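The values are calculated or read from the model by the stated rules, or taken from the named source; none is laboratory data. Quick caveat, the model's predicted, so the values are computed rather than measured. All Cβ positions, even for glycine, are placed from backbone atoms using ideal geometry, and neighbour counts span all protein chains on display. Side chains included, ligands, DNA and RNA excluded: accessible areas come from the protein's heavy atoms. Shrake-Rupley method; radii C 1.70, N 1.55, O 1.52, S 1.80 Å.
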Amino acid sequence: MIIVLLGPPGAGKGTQGELLAARLGIPKIATGDLFRAAVREGTPLGLEAKQFMDRGDLVPDSVILGILRDAIASPESARGAILDGAVRTVPQAEGLAEELASIGRRVDAVLLFEANHAELIRRLSSRTTCDVCQTPFRGLEPGTACPRGDGGRLIRRQDDEPEAIQNRLNVYEELTAPVVEWYDSHGIPVQRIDAIGEVTDVTARAAQALQSVQLAS
Ligand code: ADP
């Protein structure tokens, strides 16, 4: 099952994607995590992505399509994958559909995590993130050792600074929100998930939405 997670920054795609991936036993492919790892390692991809990410802008479609192509062709994705934040523009949705069609597959489900702007800003500006496993935490100061014990330190992501947050929300409205209509009009109905509330409640809503997609197919 190929599942695309959509939603504004801070809606919880990463957290929910992780939990759904574990439940379904398929990998989660998070382009943001891939880029941050590449930045950390100082690879050419990281150097290219960093200039866009720090401002809260999108990395060019051509870069994303290369990553998506590799990700869906990898043996780990044979049973499916959860694409977390990996489709953020209509050309990316089109490119992914073409890639999948060429190997006889398709996007099976699209989940849209929804939360209001005040809540998104509150979440993004109050979180710290492990510089190794990328897990976000609430209520822990920058510099704290990662509670997961992976040797990482919690940092405030550069794109979680107020100016970049506002830009990310604008970019979402302008470039990513149209992806929702694109899927709806291409026969892949978008399942809207209320992303406010306890993490476990949101996961239960998402799992239920996926079940209804599976039953319908
Ligand atoms: P968020 O979804 O909270 O904004 P992510 O960690 O998923 O954060 O992504 C961080 C950054 O990585 C984005 O702001 C963007 O610069 C870049 N990025 C990730 N995925 C994509 C994509 N599919 N298209 C363009 N840029 C992307």
Notebook entry, point to check: What number of residues within the stretch 15-26 are touching a Ser or Thr at 6+ places or on another chain (Cβ under 8 Å), open to solvent by less than 50 Å² (accessible area, probe 1.4 Å) and within 20 Å of CYS130 (Cα to Cα)?
Noted result: 1
Notebook entry, point to check: On the given criteria, is GLY12 surrounded by 19 or more Cβ atoms within 10 Å (Cβ to Cβ), within 10 Å of the chain's Cα centre (by Cα), within 27 Å of VAL199 (Cβ to Cβ) and more than 8 Å from the ligand (Cβ to nearest atom)?
Noted result: yes
Item checked: Exclusive hit being open to solvent by less than 60 Å² (accessible area, probe 1.4 Å), over 21 Å from ALA206 (Cα atoms) and within 13 Å of the chain's Cα centre (by Cα), set PHE35, PHE52 -> PHE35
Item checked: Of the criteria (1) more than 11 Å from the ligand (Cβ to nearest atom); (2) touching a residue at least 12 places away in the same chain (Cβ under 8 Å), which one VAL39 fails -> (1)
Next item on the list: Please give the number of the condition ILE67 fails out of (1) within 15 Å of the ligand (Cβ to nearest atom); (2) more than 16 Å from the chain's Cα centre (by Cα); (3) touching a residue at least 24 places away in the same chain (Cβ under 8 Å).
Entry: (2)
Next item on the list: Could you run through the stretch 70-89 and say how many residues are open to solvent by less than 20 Å² (accessible area, probe 1.4 Å) and near the ligand (Cβ under 9 Å from one of its atoms)?
Entry: 6
Next item on the list: Considering only the stretch 47-56, state which residues are in contact (Cβ under 8 Å) with a residue 60 or more places away in the chain and near the ligand (Cβ under 6 Å from one of its atoms).
Entry: MET53, GLY56
Item checked: Count - residues of the stretch 205-217 that are touching a residue at least 12 places away in the same chain (Cβ under 8 Å) and either surrounded by 12 or more Cβ atoms within 10 Å (Cβ to Cβ) or part of a helix (DSSP H, G or I) (or both) -> 8
